[in-house]
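Step one of this worksheet: look at the structure below.
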Amino acid sequence: MRQMDLLAEYDHIYEKADNLFKEYNPCQFVDDLCVNNRYNNYSELQINGCCGTRSKPCEHFGSKGCAVKALGCKLHICFYVSQTKAFNKLTAELAKLERRAVRLLPGFKIDTRMTRSDYLILLKGTTKRT
Ligand code: SF4
Ligand code: SF4
């Protein structure tokens with residue numbers, strides 16, 4: 001695929017995942033604390049829409065939460081959500097999108113904070129400009 005097509009695919013998968021999160025609302029944020037956080041008392045561990053801000057501080061985390069488009073993060077759900085029966089369909093759909101991303105996006109790595117800009121830089125180094 002050409003660089004532009006790969007980016008379009010990145011965006012397409014991201015939007016699909018984003019829509020799934022909107023449809024199922026698995027994280028159920030209340031006062032910036034997600035359900036996993038509230039249930040397990042992980043104070044501030046998953047505040048403001050991001051799962052890793054305390055244990056692994058992220059440069060992209062701002063006062064209003066995540067400030068970038070990061071597909072790896074968007075496809076991630078925690079153990080708590082993945083084991084919740086009500087979210088079986090969501091988990092399966094996200095797994096499908098994950099497989100699609102790995103299959104169609106060369107160089108894309110799951111479970112990383114690789115942003116869209118990072119991915120574009122990677123593509124520029126590995127594919128011809130279109
Ligand atoms: S995926 Fe889990 S840990 Fe992350 S924000 Fe959602 S409920 Fe919290
Ligand atoms: S890039 Fe990922 S880890 Fe960083 S703030 Fe955004 S969602 Fe959180």
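Each value in this text was obtained by applying a stated rule to the coordinates, not by laboratory testing. Bear in mind that the values here come from a model prediction, so they are computed numbers and not experimental data. Cβ placement follows ideal geometry from the backbone for every residue including glycine, while neighbour counts extend to all protein chains displayed.
Can you tell me which residue is nearest to ligand 2 (Cβ to nearest atom) among those in region 24-42 that are assigned to a helix (DSSP H, G or I) and without any contact (Cβ under 8 Å) to a residue 40 or more places away in the chain?
The extreme case among them is Asn37.
One line per residue, one yes/no per condition, for (1) in contact with a Lys or Arg (Cβ under 8 Å, 6 or more places away or on another chain); (2) farther than 24 Å from Leu6 by Cα; (3) not in a helix (DSSP H, G or I):
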| position | (1), (2), (3) |
| --- | --- |
| Cys73 | yes, no, no |
| Lys89 | no, yes, no |
| Lys96 | no, no, no |
| Arg100 | no, no, no |
| Lys109 | no, no, yes |
| Tyr119 | no, no, no |
| Leu122 | no, no, no |
| Gly125 | no, no, no |
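How about region 6-20: which of its residues are surrounded by 13 or more Cβ atoms within 10 Å (Cβ to Cβ) and aliphatic (A, V, I, L, M)?
Leu6, Leu7, Ile13, Ala17, Leu20
Is it the case that Thr91 is within 17 Å of Phe21 (Cβ to Cβ), of a type in the set (Val, Ile, Thr) and in contact with a Ser or Thr (Cβ under 6 Å, 6 or more places away or on another chain)?
Judged against the criteria, Thr91 is a match.
Return the residues of region 62-118 that are more than 13 Å from the chain's Cα centre (by Cα), among the aliphatic types (A, V, I, L, M) and surrounded by fewer than 18 Cβ atoms within 10 Å (Cβ to Cβ); say none if nothing qualifies.
Selection gives Ala86, Ala92, Val102, Leu104.
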